[in-house]
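Comments concern the structure below.
Bear in mind that the values in this text are calculations on the coordinates, not laboratory data. As the structure is a computational prediction, the values presented were derived from the model and not from experiment. Cβ atoms come from the backbone with ideal geometry, glycine included; neighbour counts cover every protein chain shown.
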Amino acid sequence: MQKIVILNGGVGNFSNVQKAVGGIISNEINDIRTADKIILPGVGSFGIVSNNIIPLKDYILEHIDKNKPFLGICLGMQLLFESSEEDEGTGLSYLPGKVVKFKNMKVPHIGWNSVEFSKDSPIFRGIENGSFFYFVHSYYITTEDQYIISYTEYESRGKTYKFTSSVQKENVFGVQFHPEKSGEKGIKLLENFKNL
């Protein structure tokens, strides 16, 4: 039986994620080292959660280096990158790029919005392009095109801004939206990750 570890970074939707995929909620080093899959959900401040995660960074990257699946959700996705405009603190620096705030837009971007796939990905298997997912965030990631697997358009104050809503590098996935709050589509995405 596979071992799925939902990383406890201090703030996150742990119980809803656990309902969808099973597994255990933990930040114990031994659990990370023996996990088959890791999910990092996160809400709140980049700095606070990064301080909680950085002591585990080497073990998380060791998991990834073994080609084991990893999924970052919302702030958990942002922590795959190097830094954030939100506050001080460093991410896992697994992917190149940084986290920036929406400029001259209403924040947070909150509610249901469509996700447009830009590349095929196993986490989107059986989910229609343009499906709606639930977002709550004021910051978004900037990275190289090769890692971007979907975009979302945010309309606010008479402007439309297109931002990256999910990324993938090999066995590592990140989604800016909350699949655990996104109904059937979100549950399907989490099941796809569980079945990798």
* Structure fact -> Per its Cα gyration tensor (rounded if a/c is under 1.5, else prolate when a/b beats b/c, else oblate), region 126-165 is best filed as oblate
* Structure fact -> From fewest to most C-beta neighbours within 10 Å, the residues Val43, Val115, Val172 line up as Val43, Val172, Val115
* Asked: Taking R0 as 30 Å, what's the FRET efficiency between Tyr151 and Asn67 from their Cβ-Cβ distance, rounded to 0.05?
  -> 0.65
* Asked: If you rank Met77, Met105 by fewest surrounding Cβ atoms within 10 Å, what's the result?
  -> Met105, Met77
* Asked: Magnitude of the Cβ-charge dipole of region 43-156, K/R +1 and D/E -1, about the Cα centre, nearest 20 debye?
  -> 180 debye
* For region 4-194, what log10 I(q)/I(0) values come out of the Debye formula at q = 0.20 1/Å, with one point per alpha carbon and no solvent? -> -1.57
* Structure fact -> Most fluctuating of Asn104, Asn52, Asn171 in the GNM of the chain (C-alpha, under 10 Å) is Asn104
* Euclidean distance between Cα centres, region 23-89 to region 169-195, Å -> 16 Å
* Distance check, please: which entries in Lys101/Lys194; Lys19/Lys57; Lys119/Lys159; Lys119/Lys185 exceed 22 angstrom between their Cα atoms? => Lys101/Lys194; Lys19/Lys57; Lys119/Lys159
* To do: Among Gln168, Gln78, Gln176, determine the one that fluctuates most according to a GNM of the chain built with springs between C-alpha atoms less than 10 Å apart.
  => Gln168
* Mind checking the dipole of region 4-194: about its Cα centre, +1 per Lys or Arg Cβ, -1 per Asp or Glu Cβ, Debye to the nearest 20? -> 380 debye
* Find which of Val99, Tyr134, Thr164 sits farthest along the positive direction of the dipole of the chain, computed with +1 on the beta-carbon of Lys and Arg, -1 on that of Asp and Glu, about the Cα centre. => Tyr134
* **Pair Glu184, Glu116: separation of 7 Å Cα→Cβ label points (nm)** => 2.5 nm
* Structure fact -> Residue span Lys98 to Glu144: 0.36 nm per residue of separation minus Cα-Cα distance leaves a gain in nm of 15.5 nm
